[in-house]
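Enquirer: Got a structure for you, written out below as C-alpha cells; questions coming shortly.
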Amino acid sequence: MFISALDLFKIGIGPSSSHTVGPMLAARTFLQSIPVDINTANSRMRCTLKGSLAYTGKGHATDRAILLGLHSYSPNDLTGLDVDALVNELASKTYLSSLTSCGFNSEEDIIFDRQETLPQHPNGMVFELLDESSKTLHRETYFSIGGGFIRTLADIDELVAPLQMESALVCPFSFGSGHNMLKMSSDSGKSIASMKRTNEREYLSKSDLNQGLNNIWEAMRTCVENGLKTEGALPGSLNLSRRAKKLHDQLLANPDEANVTDWLCAYAMAVSEENAAGHMVVTAPTNGAAGVIPAILYYLVVHQGGTQEQIREFLLVASAIGGIIKMRSSISGAEVGCQGEVGSASSMAAAGLCAVRGGTTTQTENAAEIALEHHLGMTCDPVQGLVQVPCVERNGFGAIKAYTAASLAIRGSGQHFMSLDNCLAAMKQTGLEMSEKFKETSLGGLAVSNTEC
C-alpha cells in the first residue's frame, strides 16, 4: 500500500477533517460529477447527513463545509480568507453560484438525519440534484473516512480499511505493516525515512517532495504561532476561553520554571484552539488531533535546534507510521473513537521524534507502539459536538505521551514484548466493540456528563 505524506498531511481548515474537510471535498466533488447534459434550470440541491455527521455536524461545522463545497470552494482555497464572513455571504444566497439556476438554502436543504446510519461507514452523506417536481436528476453517496479522505458508495466496499491510496506495486518498499517495515529495513539497511522517501520518489520529484514537506511544516508553524498570539472565546455555545497564549506568556516570563510538558501543552493547545475556531490547520492525521505533531516539531525546532532536514525526516517517518495505522486500523474517531485520532497522532509523533534523535528502526517502531498503547480505549466524546472539550487539552497530553514514548524507546534496545501490529489489532477490535455513544456522536462520556457543584 502507498499513501503519500502529502496526502496524509493536508492543509485545510478546522474543526474536523472527517466532519469539515471531507464533507467540503465531497460537496465539491459532487458538483464536478454532474453530467454536462443535465439541465439544472429550476433545480434544487439537497444534502442529507447520516450517522455521526448528523449527530455532531452542527458542532463540527459540517453544514458550513457543505455550503462552501457546493459553492466550489476547497479547503486550500480558504487559507487566509475570513471564512466567517464568506459563510455569511454564501448563506444569504438562495441559489448556487456554481450551477445555473440551481436553488439551495443551507437551512432547509441540509438535512441532519439521525434516524438511519448507512452500514458502510458512520460518516455518510447523500447529495441529490432535484428538478422542480422533486424528481432526482443526479444522486451520489459519499463517506468521509477520516483525515479528509472521501469515498463513494460504489468504491468503499472494494477498498481495504477503506483507504484512498496509490498502488504499491511500483514502490520498492511496499510495507503495509510494522513487521514488514522492520524486515525491509533490516534487509536493505535503510532507515524508515529513506524507504519512505524512495517510495515517494516513484510519484514525485525530489524538489516537489521536499517543497511539499516544507509547506506542511510552514503551515504547522504558522498555526502554532497564530494560536500563541490569539486570545478571546472560541466559537460555540460553551463560550470557552482560549488558554494557549496566557500559558505561553507565563512560560516566557519564567522560563527557568518551565519544563517540556509545559511547552508541549502550550504549542498543542495553540493549534487545537485554531482548529476549534475554524482556522487553517494541517490534518495530522486528523483535525481533531492536529495539535500533537506540530507541538513536537515546534519544540524540536525552537528548543532543540532541529534542522530543516530533520523536519522532513520526521514527517516522512510519521507518515510511514500513519499509513500503517490507516491500513491496519483507522484514524477516524467515528469508527474507533479518539484512540484513532489523538492516539494515532501521538504514535506518529513518537516515531518521528525517535528517528530524528538517532533511533534505530526497531526503536522507532517501539516508540510508535508505546504511544499508541497508552491511548487504547480512548473515547471520542466532544461536549455539544464541539472540538473543544476535551479535545484541546487531549492534544497536549497526546504530545506529552509522544515525547515520553520516544524517550523510553531510544533508551531501550528496541526489543519489546508488544509489537505495533498487535497494538493496532487491539485498537481496531476495541473500536469495533466500542459503543456508538463513544464514537463522535456526543451521546456518551464527557458529552453527557455535567459537573455538579
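The values are calculated or read from the model by the stated rules, or taken from the named source; none is laboratory data. The shown structure was predicted, so the numbers you read here are calculated from the model rather than taken from an experiment. Here the Cβ is made from the backbone with ideal geometry for all residues, glycine too, and neighbour counts use every protein chain on show.
Enquirer: Tell me yes or no: at least one residue of segment 429-438 is closer than 23 Å to A5 by Cα, buried (at least 20 other Cβ atoms within 10 Å of the Cβ) and assigned by TED's automatic domain parsing to the domain that holds V224. Talk me through it step by step, then tell me what you get.
Expert: In the first step, residues of segment 429-438 are kept if they are closer than 23 Å to A5 by Cα; the result is none.
No, segment 429-438 has no match at all.
Enquirer: Moving on to the next point. Looking only at residues in segment 39-85 that are of a type in the set (S, T, N, Q) and buried (at least 18 other Cβ atoms within 10 Å of the Cβ), which one is nearest to S435 (Cα to Cα)? Before the answer, list the steps.
Expert: Keep residues of segment 39-85 that are of a type in the set (S, T, N, Q), which gives 39-40, 42-43, 48, 52, 56, 62, 72, 74, 76, 79.
Next, from what is left, pick out any that are buried (at least 18 other Cβ atoms within 10 Å of the Cβ): 40, 43, 48, 52, 56, 62.
Numbers: T40: 42, S43: 40, T48: 24, S52: 13, T56: 16, T62: 23 Å.
Going through the qualifying residues, I end up with S52.
Enquirer: What's the number of the only condition in (1) surrounded by fewer than 24 Cβ atoms within 10 Å (Cβ to Cβ); (2) closer than 26 Å to R328 by Cα; (3) over 20 Å from the mean Cα position of the chain (by Cα) that L443 fails to meet?
Expert: Going through (1) surrounded by fewer than 24 Cβ atoms within 10 Å (Cβ to Cβ); (2) closer than 26 Å to R328 by Cα; (3) over 20 Å from the mean Cα position of the chain (by Cα) one by one, L443 breaks only (2).
Enquirer: Residues to consider are G232, G236, G278; find the one that is under 15 Å from the mean Cα position of the chain (by Cα), farther than 12 Å from N395 by Cβ and not hydroxyl-bearing (S, T, Y). Quick ask: steps written out before the conclusion?
Expert: Details: G232 fails: under 15 Å from the mean Cα position of the chain (by Cα); G236 fails: under 15 Å from the mean Cα position of the chain (by Cα).
On inspection, the qualifying residue turns out to be G278.
Enquirer: Look through M280, M327 and report the one residue that is of a type in the set (A, V, I, L, M, F, W, C), touching a Ser or Thr at 6+ places or on another chain (Cβ under 7 Å) and surrounded by fewer than 24 Cβ atoms within 10 Å (Cβ to Cβ).
Expert: Numbers: M327 fails: touching a Ser or Thr at 6+ places or on another chain (Cβ under 7 Å).
Matching residue, one of M280, M327: M280.
Enquirer: If we only count helices (runs of 4 or more DSSP H) wholly inside segment 288-341, which ones have 2 or more residues that are under 16 Å from A402 (Cα atoms) and within 15 Å of the chain's Cα centre (by Cα)?
Expert: On the way: elements: 292-304, 308-328, 333-336.
Of the helices (runs of 4 or more DSSP H) lying wholly inside segment 288-341, those with at least 2 residues that are under 16 Å from A402 (Cα atoms) and within 15 Å of the chain's Cα centre (by Cα) span 292-304, 308-328.
Enquirer: If I go through segment 165-206 residue by residue, how many of them are assigned to a helix (DSSP H, G or I) and either in contact with a Pro (Cβ under 7 Å, 6 or more places away or on another chain) or surrounded by 14 or more Cβ atoms within 10 Å (Cβ to Cβ) (or both)?
Expert: Filtering segment 165-206 for residues assigned to a helix (DSSP H, G or I) gives 178-188, 192-200, 206.
Retained after the next criterion (residues that are either in contact with a Pro (Cβ under 7 Å, 6 or more places away or on another chain) or surrounded by 14 or more Cβ atoms within 10 Å (Cβ to Cβ) (or both)): 178-182, 184-185, 192-200.
Selection size over segment 165-206: 16.
Enquirer: Please enumerate the residues belonging to segment 235-244 that are within 12 Å of E273 (Cα to Cα) and assigned to a loop (DSSP other than H, G, I, E, B). Even if it seems obvious, please write down each step before you answer.
Expert: Let us first name the residues in segment 235-244 that are within 12 Å of E273 (Cα to Cα), namely 235, 240-244.
Across segment 235-244, the qualifying residues are P235, L240, R242, R243.
Enquirer: Here's something else I'd like to know. In the set A65, A41, A54, which member is within 19 Å of S98 (Cα to Cα), part of a helix (DSSP H, G or I) and aliphatic (A, V, I, L, M)?
Expert: Testing whether each residue is within 19 Å of S98 (Cα to Cα), part of a helix (DSSP H, G or I) and aliphatic (A, V, I, L, M) leaves just A65.
Enquirer: Taking the criterion of being surrounded by 18 or more Cβ atoms within 10 Å (Cβ to Cβ) and basic (K, R), would at least one residue in segment 224-240 satisfy it?
Expert: no
Enquirer: From the residues in segment 245-286 that are of a type in the set (A, V, I, L, M) and not in a helix (DSSP H, G or I), which one is farthest from P382 (Cα to Cα)?
Expert: This residue is A258.
Enquirer: Within segment 207-229, can one find any residue that is assigned to a loop (DSSP other than H, G, I, E, B), over 15 Å from L8 (Cα atoms) and touching a helix residue (DSSP H, G or I) at 6+ places or on another chain (Cβ under 8 Å)?
Expert: Here is the first cut: in segment 207-229, the residues assigned to a loop (DSSP other than H, G, I, E, B) are 229.
Those left that are additionally over 15 Å from L8 (Cα atoms): 229.
Subset that is touching a helix residue (DSSP H, G or I) at 6+ places or on another chain (Cβ under 8 Å): 229.
Scanning segment 207-229, I find at least one residue that is assigned to a loop (DSSP other than H, G, I, E, B), over 15 Å from L8 (Cα atoms) and touching a helix residue (DSSP H, G or I) at 6+ places or on another chain (Cβ under 8 Å), so the answer is yes.
Enquirer: Output the residues belonging to segment 14-38 that are in contact (Cβ under 8 Å) with a residue 60 or more places away in the chain and assigned to a loop (DSSP other than H, G, I, E, B). Walk me through how you get there before you give the answer.
Expert: Of segment 14-38, the ones in contact (Cβ under 8 Å) with a residue 60 or more places away in the chain are 14-23, 25-27, 29-31, 33-35, 38.
Across segment 14-38, the qualifying residues are G14, P15, S16, I34, P35, I38.
Enquirer: For the structure I just gave you, tell me whether H138 is out of contact with any strand residue (DSSP E or B) (no Cβ under 9 Å at 6 or more places or on another chain), of a type outside the set (A, V, I, L, M) and on the phi < 0 side of the Ramachandran plot. First the steps, then the outcome.
Expert: On the way: out of contact with any strand residue (DSSP E or B) (no Cβ under 9 Å at 6 or more places or on another chain): no; of a type outside the set (A, V, I, L, M): yes; on the phi < 0 side of the Ramachandran plot: yes.
Judged against the criteria, H138 is not a match.
Enquirer: I need a count of the residues in segment 111-121 that are in contact with a strand residue (DSSP E or B) (Cβ under 7 Å, 6 or more places away or on another chain) and within 16 Å of D155 (Cα to Cα).
Expert: First pass over segment 111-121, keeping only residues in contact with a strand residue (DSSP E or B) (Cβ under 7 Å, 6 or more places away or on another chain): 111-113, 116-118, 120-121.
Among the residues that remain, those that are also within 16 Å of D155 (Cα to Cα) are: 118, 120-121.
Here the count works out to 3.
Enquirer: All but one of (1) touching a strand residue (DSSP E or B) at 6+ places or on another chain (Cβ under 8 Å); (2) more than 22 Å from I150 (Cβ to Cβ) hold for L70, so report the exception by its number.
Expert: Just one mismatch for L70, condition (2).
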